[in-house]
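Peer 1: Take this structure first; my questions come after.
The values are calculated or read from the model by the stated rules, or taken from the named source; none is laboratory data. These numbers were taken from a predicted model, which means no experiment stands behind them. Don't worry about glycine lacking a Cβ; one is built from the backbone with ideal geometry, like all the others, and counts go over all protein chains shown. What goes into the accessible areas is simple: the full protein's heavy atoms, side chains included, and nothing from ligands, DNA or RNA. Shrake-Rupley method; radii C 1.70, N 1.55, O 1.52, S 1.80 Å.
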Amino acid sequence: MSKNKNSLIIDTTNHAAKGGLLNRRLFLSSAIATTAALATTRAAHSQEIVGEGQDDWTLYPGSDALEYSNRSRFEVDSVKRLIPNDSQEFLDLRLTKYVARTPLDHLLGTITPNGLHFERSHQGIPDIDPDKHFLVIHGKVKNPLKFDISALENYPTVSRNYYMECSGNSAVLFDETPTDQSLQEIHGLLSGSEWTGVLLSTLLDECGISPDAKWIIAEGADNGMMTRSIPLDKALDDAMIAIRQNGERIRPSQGYPMRLLNPGFEGNTSVKWLRSIYLSDRPVMSVQETAKYTDMMPDDKALQFTLEQDVKSIITRPSSAMSLKKKGVYEITGLAWSGKGKIARVEVSVDGGNTWADTALEGPIHSKMLTRFRIPWMWEGSSAILQSRAIDEFGRRQPSRKELLDARGTNGIYHYHAIHSWDVAPNGEIKHVYA
Amino acid sequence: MYMHKIIIFVTLLVSTQLAIAQESRFGVPATQADIDKSFWSVFPDGEFLPDGEGNVAEGRELFEYNCNICHNFPDENDPVKNEIGKLFGVEDKRGKANLDQTIGSYWPYSTTVFNYIRRAMPLVAPMSLTNSEYYSLTAYLLHENGIIAEDDVMNKDTLPKVEMPNKDGFVNAYPEVPEKYLAKP
C-alpha cells in the first residue's frame, strides 16, 4: 500500500515568546505539502482475491443503526472518573456517589458531550416523572402560576452556549503542597453546552412582578430540595429555565425535566430539578449560601453571594494525563471563560511566566461560554513550565496564584481561578506544579 | 366606505396581535396545594416557620436514633463521621465546610438549621419526622453548640430570636466583591 503523507510545514524560527512558542498563526496558515504519491503497489495478480490485506471492518458488513448510539468501544478512557479518594466507609454513609468530573484532556472544541458533562449533586440524582413535575412561580407576584414541561415547550425558546462550573472546581489548588492529581481531577467540574429553554423574564412577566420583589428563591424537587437565593436583576437579565441540552432533553443528572440556568454564576445557583421560584424582598439564607459556598477571607470574614465567576483559563493539552514522547512541534491548547462576558485574549507562557505570547482564539466567541485557544510550540526537550492567562472583554485579567492568595488567603475552598502551571520534565513527563 | 375598510383592517390587526399575545402565555394558576408541595423555605425573621414546639432532651433522643449513625455525638470522634459532617465542638471558623466549620462557629442564622434539617436530614429519609421533632433536633444542635440553654424551648417565636455567634461574620459580595478582596494582577 502506498502512503500519501500529509505533512504540515512549520517555520520554527518564527518565535512569539521564549522557550519555543511560535507565532499563533503558523498552524492556521502554513501550506500543506503533499509528498508525491508513490506508484501503486496494489496486487495486480489475477489469482488473488482483491481484498487480501484489508481489515475485517472493511471486508464485512457493520452493525445495526441504533435507537441511541454509543461511543466506539475503543474510547474507554474518556469517562468521568468518580472521586477517587473517598473511603468505602465514607461512601456507605454518604449513600450516593455525588460527584463525577469531565475528562477535559479527552475533549476538543468547546461543547461537552451530554454523557460527559460533570455531575454534582448533594443527595443523589432524582428519577423524576415529567408528567408529575411542574414549576410554580409565586410570592411577590400578581398571579402565582405553574408550568409543566409541555407548557414550557410551547414558548418561543432560546438556545445559547454557556459554560457551567462548580464553585468548588480547582479547590485543591488552595492547598499548600501541590497536588499530584490530574487535569480531570483538578479542573473537571467544568463543562460547556448549548442550552435551550425559556427566558425566566418571560415567565416572570407573565406572573406580574410586584415592585418590592428583589430576589428569587429557587428550590429543587430533589432529595434535600436544593435551595438558592438569586438576585432578581439576574433573573431578568439572562437566566433561563433550561429544558434541553445540546438539542435533547436535559439529562437526569443535569436537572431533568427542568433546571434554572444562571449564565456565568457559580454552578450551584443553577438549581436542578427546579420546582419552585418564590419572589421575595430578601434572600432566604439557605444552608448553601451560608454554611457552604461562602469564602473565608484572611481577616476571618466570609464573602457571601460570590455569584458571578471570575475570568479563568486552563491548558488542557499538553497536560498531566499525557507525556511528550519526542522533541518537536506541539500544539498547546486549552479553555478560557469569564462569568461576566466574552474572552478577549489568552496568552501562553512556557517559561513560567517570564515571557508571554498571544494565542489564536477559536470563534465564534460566546459570552459566558468556553473559548478554545491554541498556539504552536517547538519543544526542544528541555524542562518547561506551561501557563495560560485570560483577559475578558472588560479587561479583567486572570491573576497569578500569589496575587489570588494575597487577596483571599487559603482559608476558603471555593472560586479558585488563578493561573495554572504544568511542569514538563526533560523526559517529557507532565505534572501539576505551583510556579 | 373607505373609513369602514380601515376600521375592519385595524380591528383585524389588533385581534391577531392579541391572539399572538394570548398564545404565548401557557402558565396556569397555581393552587395553594401546588405551592405547599413545592415550597419549604423558612426566612431568618421566622416567616414560614410552622407551628409545633421542641426541646433539647427530646432532640438528644431523636439524634441518637436518626442521626448518630452518620454524625458523631459531641463526645465522639469517629473520623469518617467527622468527614460526613461535624456538628459540634469547633471554635475556629476557618477551614472546610462540614469538617471544620459548624453551626456554633460559622452559621449566621438559627432558622437555617431548622430549614436545612427538615428538608434534607436524616439523609436516608428527609421530611420523615414531625415539625415538633425537627424543632427538638434544632434545639439540641443549638444547645450542644453552646448557643441556647438545656431548658430552652424552640418554636416559631423563639427560634428566630436566637443570636448566632458568627452572625456578623459575612460580607456581601454581590454585585461586586469588595475592593480589598480582589486579586490585583
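Peer 1: Does any residue in the range A:74-95 that is closer than 21 Å to A:Q184 by Cβ come within less than 7 Å, Cβ to Cβ, of a residue that is of a type in the set (K, R) and at pLDDT 90 or above six or more places away or on a different chain, and which pairs are these?
Peer 2: The qualifying pairs are A:K80/A:R101; A:R81/A:R101.
Peer 1: Looking at B:R119, B:R94, can you tell me which residue is in a loop (DSSP other than H, G, I, E, B), facing chain A (nearest Cβ under 9 Å) and among the basic types (K, R)?
Peer 2: B:R94
Peer 1: Given the condition more than 30 Å from B:D34 (Cα to Cα), out of contact with any Leu (no Cβ under 8 Å at 6 or more places or on another chain) and within 11 Å of chain B (Cβ to nearest Cβ), answer yes or no: does some residue in the range A:334-348 qualify?
Peer 2: yes
Peer 1: For the range A:421-435, what are the residues that are in a loop (DSSP other than H, G, I, E, B) and open to solvent by less than 10 Å² (accessible area, probe 1.4 Å)?
Peer 2: A:G428
Peer 1: Checking A:W422 against (1) in contact with a His (Cβ under 8 Å, 6 or more places away or on another chain); (2) over 16 Å from A:I332 (Cβ atoms), which single condition isn't satisfied?
Peer 2: Looking at each condition in turn, A:W422 falls short on (2).
Peer 1: So for the range B:36-56 (the condition being surrounded by fewer than 18 Cβ atoms within 10 Å (Cβ to Cβ), part of a helix (DSSP H, G or I) and within 12 Å of chain A (Cβ to nearest Cβ)), does at least one residue qualify?
Peer 2: Yes: the range B:36-56 contains one or more residues that are surrounded by fewer than 18 Cβ atoms within 10 Å (Cβ to Cβ), part of a helix (DSSP H, G or I) and within 12 Å of chain A (Cβ to nearest Cβ).
Peer 1: Where in the range A:215-309 are there strands (runs of 3 or more DSSP E), lying wholly inside it, with at least 3 residues that are facing another protein chain (nearest Cβ under 10 Å) and crowded, with 21+ Cβ neighbours inside 10 Å?
Peer 2: So the answer is A:215-220, A:227-231, A:274-280.
Peer 1: Go through the range A:140-158 and give me each residue that's at the interface with chain B (Cβ under 10 Å from one of its Cβ atoms) and charged (D, E, K, R).
Peer 2: A:K146, A:D148, A:E153
Peer 1: Okay, moving on. Need pairs with beta-carbon distance below 7 Å; first residue more than 10 Å from chain B (Cβ to nearest Cβ) and within the range A:114-139, second of a type in the set (F, W, Y); sequence gap 6+ or separate chains.
Peer 2: Pairs that qualify, where the first residue is more than 10 Å from chain B (Cβ to nearest Cβ) and the partner is of a type in the set (F, W, Y), are A:R120/A:Y98; A:S121/A:Y98; A:P126/A:W273; A:I128/A:Y256; A:I128/A:W273.
Peer 1: Restricting the first residue to the range A:1-30 and requiring it to be over 15 Å from A:A357 (Cα atoms), which pairs with a second residue that is modelled with pLDDT of 50 or more and in a loop (DSSP other than H, G, I, E, B) meet a Cβ separation below 7 Å and a spacing of at least six or different chains?
Peer 2: Listed pairs, sorted by first residue: A:M1/A:T41; A:S2/A:L38; A:S2/A:T40; A:S2/A:T41; A:S30/A:I9; A:S30/A:I10.
Peer 1: Something else about it: Which residues, counting only those in the range B:169-182, are surrounded by fewer than 21 Cβ atoms within 10 Å (Cβ to Cβ) and without any contact (Cβ under 8 Å) to a residue 12 or more places away in the chain?
Peer 2: B:V171, B:N172, B:A173, B:Y174, B:P175, B:E176, B:P178, B:E179, B:K180, B:Y181, B:L182, listed by residue number.
Peer 1: In this structure, is B:R60 at pLDDT 95 or above and among the basic types (K, R)?
Peer 2: When the stated conditions are applied, B:R60 passes them.
Peer 1: Among (1) at positive phi; (2) open to solvent by 60 Å² or more (accessible area, probe 1.4 Å), which single condition is B:N98 missing?
Peer 2: Tallying (1) at positive phi; (2) open to solvent by 60 Å² or more (accessible area, probe 1.4 Å), B:N98 fails exactly one: (2).
Peer 1: With the checklist (1) assigned to a loop (DSSP other than H, G, I, E, B); (2) out of contact with any helix residue (DSSP H, G or I) (no Cβ under 8 Å at 6 or more places or on another chain) in hand, flag the one item A:A344 doesn't pass.
Peer 2: Only one criterion is unmet by A:A344, namely (1).
Peer 1: Identify, from the list A:G124, A:G192, A:G188, A:G115, the residue that is surrounded by fewer than 17 Cβ atoms within 10 Å (Cβ to Cβ) and closer than 25 Å to A:E75 by Cβ.
Peer 2: Answer to the selection: A:G115.
Peer 1: Any residue at all in the range A:159-171 that is within 11 Å of another protein chain (Cβ to nearest Cβ), more than 20 Å from the chain's Cα centre (by Cα) and either over 22 Å from A:G412 (Cβ atoms) or not in a strand (DSSP E or B) (or both)?
Peer 2: Scanning the range A:159-171 turns up no residue that is within 11 Å of another protein chain (Cβ to nearest Cβ), more than 20 Å from the chain's Cα centre (by Cα) and either over 22 Å from A:G412 (Cβ atoms) or not in a strand (DSSP E or B) (or both).
Peer 1: Find the residue count for the range A:84-104, including only residues that are open to solvent by less than 50 Å² (accessible area, probe 1.4 Å) and closer than 17 Å to A:G168 by Cα.
Peer 2: Adding up the residues that qualify gives 8.
Peer 1: Looking at B:N145, B:N131, B:N82, which one is modelled with pLDDT of 95 or more and open to solvent by less than 30 Å² (accessible area, probe 1.4 Å)?
Peer 2: After ruling out the rest, the residue left standing is B:N145.
Peer 1: Identify, from the list A:L173, A:L152, A:L189, the residue that is in contact with a helix residue (DSSP H, G or I) (Cβ under 9 Å, 6 or more places away or on another chain) and closer than 30 Å to B:T31 by Cβ.
Peer 2: Criteria check complete, one pass: A:L152.
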